[in-house]
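Participant: Have a look at this one before I ask anything.
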Amino acid sequence: MSNAEEIVKIIEEVIGTKIHNYSINPFNHGLDSLGVLKLVTIVEDKLGIEIDDNDLTVENMSSVNSILSMVNKYANE
Amino acid sequence: MFTWQQLIESLNKYYGLKIIDVKIIDRLMFRQSFLVNTFDGNQYIVKDYAETFSLKELFQMWGYYWKLRELGISIGCPLRRLDSDEFHISLENRYCVVFEYIKGNRPSINQYKEIANCLKKYHGVATSKLLPDLISTEEKLNSAKDLFLNFNNGSYSIKQEILSCKENLYNIIDNYSNSNQTVIHGDTILENMILNDEEVCLIDFDTIRYGDSIEDVANTVLSFMYSGSKKFEVHPGRLQQIKAFINSYYENTSPTDIEKKIHYYMQVHCVIDLIRHAENIRFLIRMPSMKEYLLMLVRVICSKNLNALMQEGD
């Protein structure tokens with residue numbers, strides 16, 4: 001499973017909804033503040049990375065694509 | 001997350017508010033509150049709640065504001081929709097509620113008399129008969145030991161510090177005796193008070209429960225101790241204002257051992273607040289200032305008495 005697939009699977013688990021379109025805003029599909037913290041902590045554990053809390057912004061969380069871009073920045077370091 | 005345009009259109013459609021502008025006034029991670037200015041010169045606060053909250057409990061809580069107003073309490077009430085008796089609208093999986101805005105600033109600890117008067121007046125009317133079905137402090141404490149076990153799970157910073165308060169926390173729970181005659185506010189920190197025209201008003205009744213009014217007094221005392229400190233450190237020099245506040249609340253007829261009781265109920269409050277974070281501690285610990293706040297709760301739970309707690313700040 002690729003990193004992107006892994007991350008999308010985690011997002012699906014956190015919001016409890018299957019994702020068919022990466023441009024959707026997860027906040028409109030059940031993601032909340034606690035969900036964001038769960039999401040990034042589980043992603044960190046799975047990928048062995050450490051995401052700076054300053055990157056947990058509305059912009060970086062505004063679509064599945066933007067979450068993938070933000071995480072990939074760390075995964076490719 | 002809904003857009004401002006959606007919010008402005010919905011406030012007009014469902015509440016008849018013609019909006020000039022909207023400002024974010026409070027942001028806790030991704031949850032926001034807004035200050036709304038309307039063309040008729042009024043101001044309102046829009047609060048949003050996740051849809052995971054029980055709508056039945058929220059409806060009861062929003063209705064409670066109006067009951068308090070009928071009983072003479074100065075309070076900013078939630079508006080009802082034009083098309084129904086409901087208070088809320090649903091926007092993108094969030095409940096939004098519009099509250100009347102109370103102008104003013106947060107009171108300082110030197111306004112302890114006004115703060116004491118506010119709490120006295122509120123507790124004077126807030127009997128448990130006002131709300132038929134509410135969780136109590138006792139019920140929260142009954143589940144606290146089981147919930148505390150969640151702190152053992154996973155790896156997170158300050159795990160050892162939290163686990164170290166287990167024995168004290170259990171003792172506090174075991175020593176609690178049922179006293180649930182009042183609908184306590186449950187979060188009477190200075191941030192939840194507004195000084196308006198020399199009168200202090202309470203806001204944010206999201207944590208109401210049946211309990212003993214002294215819990216709210218103790219909670220305010222705790223707020224006096226750390227207010228203004230970003231790291232939730234105790235200010236030792238505030239003991240005088242704290243004692244003056246307690247005397248003012250009890251009108252100089254304080255019950256026996258009042259400081260001992262205040263300290264105990266402060267610990268009760270800290271147990272309930274600590275336990276609230278147990279199930280998701282690994283994630284919540286990342287919230288800004290959360291670590292410092294939880295360590296403060298642990299310090300209070302482990303403290304011997306009010307004076308010793310105040311001296312820890314030295």
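The numbers here are math on the coordinates, done by the rules we state, and not lab data. Quantities reported herein were computed from a predicted structural model and do not represent experimental measurements. Quick reminder, even Gly has a Cβ in these numbers, built from the backbone with ideal geometry, and neighbours come from all protein chains shown.
Participant: Pairing the Cα long axis of helix B:213-226 with the longest principal axis of chain B, what angle in degrees results, from 0 to 90 and rounded to the nearest 10?
Facilitator: Long axis of B:213-226 versus the principal axis of chain B: about 80 degrees.
Participant: Another question, if that's okay. Can you classify the protein assembly as shown as rounded, prolate or oblate using the Cα gyration tensor, where a ≥ b ≥ c are the square roots of its eigenvalues, rounded means a/c under 1.5, and otherwise it's prolate if a/b beats b/c and oblate if not?
Facilitator: Values: a/c = 1.95, a/b = 1.23, b/c = 1.58.
Oblate is the answer for the protein assembly as shown, as a/c is 1.5 or above yet b/c matches or exceeds a/b.
Participant: P(r) tail for the range B:4-100, what percent of Cα pairs lie past 16 Å? Working shown, then result.
Facilitator: Details: 2629 of 4656 pairs.
Roughly 56 percent, rounded to a whole number.
Participant: Go through the range B:264-311 and name the trypsin sites (Lys or Arg not before Pro) that are in a DSSP coil and have 13 or fewer other Cβ atoms within 10 Å of their Cβ. Each step should come with its number before you reach the end.
Facilitator: Working: sites: B:R276, B:R282, B:R286, B:K291, B:R299, B:K304; in loops: B:R276, B:R286, B:K304.
Counting only loop positions with at most 13 other Cβ atoms within 10 Å, the trypsin sites (Lys or Arg not before Pro) in the range B:264-311 are B:K304.
Participant: Give the residue list of trypsin sites (Lys or Arg not before Pro) in the range B:3-53 that are DSSP loop and have at most 14 other beta-carbon atoms within 10 angstrom. Please report the intermediate quantities before stating the final value.
Facilitator: Numbers: sites: B:K13, B:K18, B:K23, B:R27, B:R31, B:K47; in loops: B:K18.
Answer by residue number: B:K18.
Participant: From the residues B:F53, B:L7, B:I20, which one has its Cα farthest along the dipole of the range B:4-100 in the positive direction, the dipole being from +1 and -1 charges on Cβ of Lys/Arg and Asp/Glu about the Cα centre?
Facilitator: B:F53
Participant: Hey, what angle do you get for helix B:112-125 against the long axis of chain B, alpha-carbon based, 0 to 90 degrees rounded to 10?
Facilitator: Between the helix axis and the principal axis of chain B, the angle is about 70 degrees.
Participant: Just subtract the alpha-carbon distance of B:I189 and B:E251 from 0.36 nm times their residue separation and send over the number in nm, one decimal.
Facilitator: Values: separation 62, 0.36 × 62 = 22.32 nm, distance 2.07 nm.
Result: 20.2 nm gained on full extension.
Participant: Here's something else I'd like to know. Taking the Cα centre of chain B as origin, work out the dipole magnitude from +1 charges on Lys and Arg Cβ and -1 charges on Asp and Glu Cβ, in debye rounded to 20.
Facilitator: For this selection, approximately 460 debye.
Participant: Let me ask you something else. Which GluC sites (Glu not before Pro) does the range B:224-292 hold that lie in a coil by DSSP with at most 12 other beta carbons within 10 Å?
Facilitator: Numbers: sites: B:E233, B:E251, B:E259, B:E279, B:E292; in loops: B:E233, B:E251, B:E279.
Here the sparse-neighbourhood loop sites are B:E251.
Participant: Okay, next question. In terms of the Cα gyration tensor, with a ≥ b ≥ c the square roots of its eigenvalues, is the range A:3-75 rounded because a/c is under 1.5, prolate because a/b exceeds b/c, or oblate? Before the final figure, lay out each step's value.
Facilitator: Details: a/c = 1.41, a/b = 1.28, b/c = 1.10.
Since a/c stays below 1.5, the shape of the range A:3-75 is classed as rounded.
Participant: To test your reading of the geometry: what angle, between 0 and 90 degrees and rounded to tens, separates the Cα axis of helix B:290-302 from the longest principal axis of chain B?
Facilitator: Orientation of helix B:290-302: about 40 degrees from the principal axis.
Participant: Please go through the residue pairs B:K56/B:K145; B:K113/B:K260; B:K67/B:K230; A:K38/B:K120; B:K67/B:K260 and name each one whose alpha carbons sit more than 30 Å apart in this structure. Each step should come with its number before you reach the end.
Facilitator: On the way: B:K56/B:K145 27 Å; B:K113/B:K260 21 Å; B:K67/B:K230 36 Å; A:K38/B:K120 41 Å; B:K67/B:K260 33 Å.
Flagged as over cut-off: B:K67/B:K230; A:K38/B:K120; B:K67/B:K260.
Participant: Using just the helices of the protein assembly as shown, give the 222 nm mean residue ellipticity in deg cm²/dmol: DSSP H runs with n ≥ 4 each add -39,500 (n - 2.57), and the total is spread over all residues, rounded to 500. Kindly include the intermediate steps, with their values, before the conclusion.
Facilitator: Details: 16 runs with 173 residues, N = 391.
For the protein assembly as shown, the value works out to -13500 deg cm²/dmol.
Participant: Still on this structure, please answer the following. Straight-line reach from B:K103: which aspartates and glutamates fall under 15 Å, measuring Cα to Cα and dropping same-chain residues less than 8 apart?
Facilitator: B:E191, B:D197, B:E198, B:E199, B:D204
Participant: Could you give the distance between the Cα centres of the range B:1-80 and the range B:223-241, to the whole Å?
Facilitator: If you average the Cα positions of each part, the centres end up 31 Å apart.
Participant: Pull out a ≥ b ≥ c, the square roots of the eigenvalues of the alpha-carbon gyration tensor of the range B:36-189, then state rounded if a/c is under 1.5, prolate if not and a/b is larger than b/c, and oblate in the remaining case.
Facilitator: Working: a/c = 1.82, a/b = 1.50, b/c = 1.21.
Since a/c reaches 1.5 and a/b is larger than b/c, the shape of the range B:36-189 is classed as prolate.
Participant: Return the aspartates and glutamates within reach of A:K18: Cα separation strictly under 15 angstrom, same-chain partners fewer than 8 residues apart disregarded; answer none if there are no such residues.
Facilitator: Excluding near neighbours in sequence, the set is A:E5, A:E6.
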